[in-house]
Structures are given as structure tokens and as C-alpha cells.
Amino acid sequence: MIYFFYFIKQLFIFHCTPYVEDTFNDNKNNRNRTLTHRFIQPLNWEEQGLCSWFNCDLRGAFTELFDLMRCSLVCWHWNNILADENSEVWRSLSSRTLSDEALRSDILCNLPTYKGKLKAFQHALSSHDCSRNVYVKKNGFTLHRNPIAQSTDGARGKIGFTEGRHAWEIWWEGPLGTVAVIGIATKRAAMQCQGYVALLGSDDQSWGWNLVDNNLLHNGEVSGNFPQCNNAPKYQIGERIRVILDMDDKTLAFERGFEFLGIAFRGLPKVCLFPAVSAVYGNTEVTMVYLGKPLDG
């Protein structure tokens, strides 16, 4: 127990003490180098106030996210700073992580905080877990499909879910083609196949809604029309669809604008499920933005 408290104390000292950077010339390698020095002398934090709001805010702006999370576990000032989702810490991390295009465009318009924007980027479509015929643009959120004939191509989100409730928005910024599917998939679901087919929902590893003909798809079968109403309107390019995954109730639902369209799938398996899309039209683009926990009401 004594060693445990000693470790916590040293971790607290290391992350909460101020530091300075010195730049010097390395004559041997003919280049400038930078050293970071920390004042590691143990101090009376309450009396000297070195863990003030200002210092936390300043140091946090140059600290990586993982280190910030560790700091918040040992310092209540850090914890309070990070609780403000629009603090200078989150603003700095967002500006260093997100592209200028993403921050200045309306892609993240439904996320009012810098922490929310950063979290959306961490959950965006993956450039490493997708078909070879697609790529994620520099904004970090938009998927572009190359004009490859006789191919259906998809992508998964970077992070999957096994519990909790999650919501994200998806919208097409180009023609849908004959098939355009949004939904969820396991890690085992294929992200590319030959021909123009509904890739999501083609097997038991994915569930999808084909926006072209308003069909629900799973295990290679059409499980019904969606939304379940007469003369359901067709999807319009640029229209944002909100996907709501409830891993507690094992359901997948959709919203259009502020209209709840209903639950599309029930009885989802207790496995890790990822946001996913599939497209067939050449040069079309699909954008996905993770919103976090859905708002009820």
C-alpha cells in the first residue's frame, strides 16, 4: 500500500509540475534540438497553488489526450478542466488533430463542443478498415469511392460498440447509384464484393438499410420496407440520417431530421458492432459523424 501511494504521488508530481523547453544547437549533427525540463522537486501543492486553473489549462494545450486522461485521475484540477468540453485544452487538441476543413465547414455543425468534435474524429470511418477502392478524404470524415466498375465497396468505423447507446449521422454527397446502404457490421463482415449489390446485409454479419429502395437487409434477405408507412419518401442527396444503436436493448433505429422513423432491427447479437456504409456509384462521397449518446425526446 505504501508503494502504491508513492507511485500516485510521483505520477501527480510529474504531470502537474511546470516545465520549460530549451533549444540548443547540436554541433555534431549540425541541427537544433529541444530538451524539456520539468521541475521535479516535491512541492506543497495546496500552499503554492501550482495546480491552478491557469497552469492546467496552459500545460493541457500541449499534452496528448492519453496523458490528459491519466492526469485527471490524480488531480481534481485537471478533472475539472477536462469537464469543460470547450476549455482551452480541448480547443488546442482539436486544432492539432482535426483538419481546418473539418473545423470550418458544416460537417461538425451538430457538435457544439471541441471535445465532441475530437470524439467524432476518433469514431470516424476508418481508412484502414475499408475496401481498396475507397479512401477517407483529408477532412477525416468523408469517404470517397473511386470509379471502379462492377464493384461494391464499403467501410467500417474506427471503433465498435458492445454496450451503451450511440448515435451518428450519415449523408451522401453524391449520387446513390443502384445501391446505397447504411447500417452496422461486425469485424468479420466483408467490405468489398464483385458486382453492384447491397453489401451491408448480404450475410449474417451485417444489417443495413438500402436508401435507394427503402429495404431492410440482413443475412442476404429483405426483411421488410423501411420506414413502415405508405409512400415513404426517397432519400435526398445531402439529407442527414441519424443512426441510433442501442446495445442494451439490442436494437438499431433511424431518424431523418427530427423525425423518428422507427426501429429497423431487433435482437442484435451481443458482439462488437461497427458503424458501416457501402456504395457503388463512382466518385460518390459519404460522410459519417459520431454524435455520442442519443438524446431522448
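Taking Cα centre as origin and charging only the Cβ of basic (Lys, Arg, +1) and acidic (Asp, Glu, -1) residues, the dipole magnitude of region 126-292 rounds to 380 debye. Using the average count of surrounding beta-carbon atoms within 10 Å as a protection proxy, the listed peptides 280-288, 126-134, 220-228 rank, highest first, as 280-288, 126-134, 220-228.
What the phi angles of region 152-169 give under the Karplus curve with 6.51, -1.76 and 1.60, with θ = phi - 60°, is a coupling list of 10, 10, x, 8, 9, x, 5, 10, x, 10, 10, 7, x, 10, 9, 9, 8, 9 Hz, glycine and proline written as x.
Cross-link reach is defined here as a Cα-Cα straight distance under 18 Å, omitting same-chain residues fewer than 8 places apart; for residue 270 the lysines meeting it are 187, 250.
Going by Cα centres, region 67-113 and region 268-292 are how many Å apart? One Cα centre to the other: 25 Å. If you wrap region 241-295 in the convex hull of its Cα atoms and look at it from every side, the mean projected area works out to 4.9 nm². Each residue of region 231-248 was assigned a 3J(HN,Hα) from its phi angle through the Karplus curve 6.51 cos²θ - 1.76 cosθ + 1.60 (θ = phi - 60°); the sequence is 6, 4, x, 7, 5, 10, 4, x, 6, 8, 9, 9, 9, 10, 9, 10, 6, 7 Hz, with glycine and proline shown as x.
Between residue 292 and 167, the built amide H atoms are under 5 Å apart, and every one of these is 5 or more places off in sequence or on another chain. Taking a sphere under 14 Å around the Cβ of residue 140 and counting the other residues whose Cβ falls inside, with K and R at +1 and D and E at -1, yields a net charge of +4.
Using the Cβ-Cβ distance between residue 194 and residue 225 with R0 set to 25 Å, the FRET efficiency works out to roughly 0.40.
In this rough spin-label picture, where each label sits 7 Å from Cα along the Cβ direction, the residue 296-residue 96 distance is 3.8 nm.
Between residue 251 and residue 271, what is 0.36 nm times their sequence separation minus the Cα-Cα distance? Round to one decimal in nm.
Gain in length upon complete extension: 5.9 nm.
Cα-Cα over 18 Å: which of 117/158; 115/137; 138/234?
115/137; 138/234
The slack between residue 239 and residue 148, meaning 0.36 nm per residue of separation minus the straight C-alpha distance, is 30.2 nm.
Close amide H pairs (under 5 Å, H built 1.01 Å from N) link residue 142 with 137, residues at least 5 positions away or on another chain. Couplings for region 276-291, taken from phi via the Karplus curve 6.51 cos²θ - 1.76 cosθ + 1.60 with θ = phi - 60°, read 8, 9, 9, 9, 10, 7, x, 6, 6, 9, 10, 10, 10, 10, 6, 9 Hz in order; Gly and Pro are left as x.
Values in this text are rule-based calculations from the coordinates and carry no lab data. Computed from a prediction, not measured in an experiment: that's the story for all the values here. Heads up, the Cβs are rebuilt from the backbone with ideal geometry, glycines too, and the neighbour counts pull from every protein chain shown.
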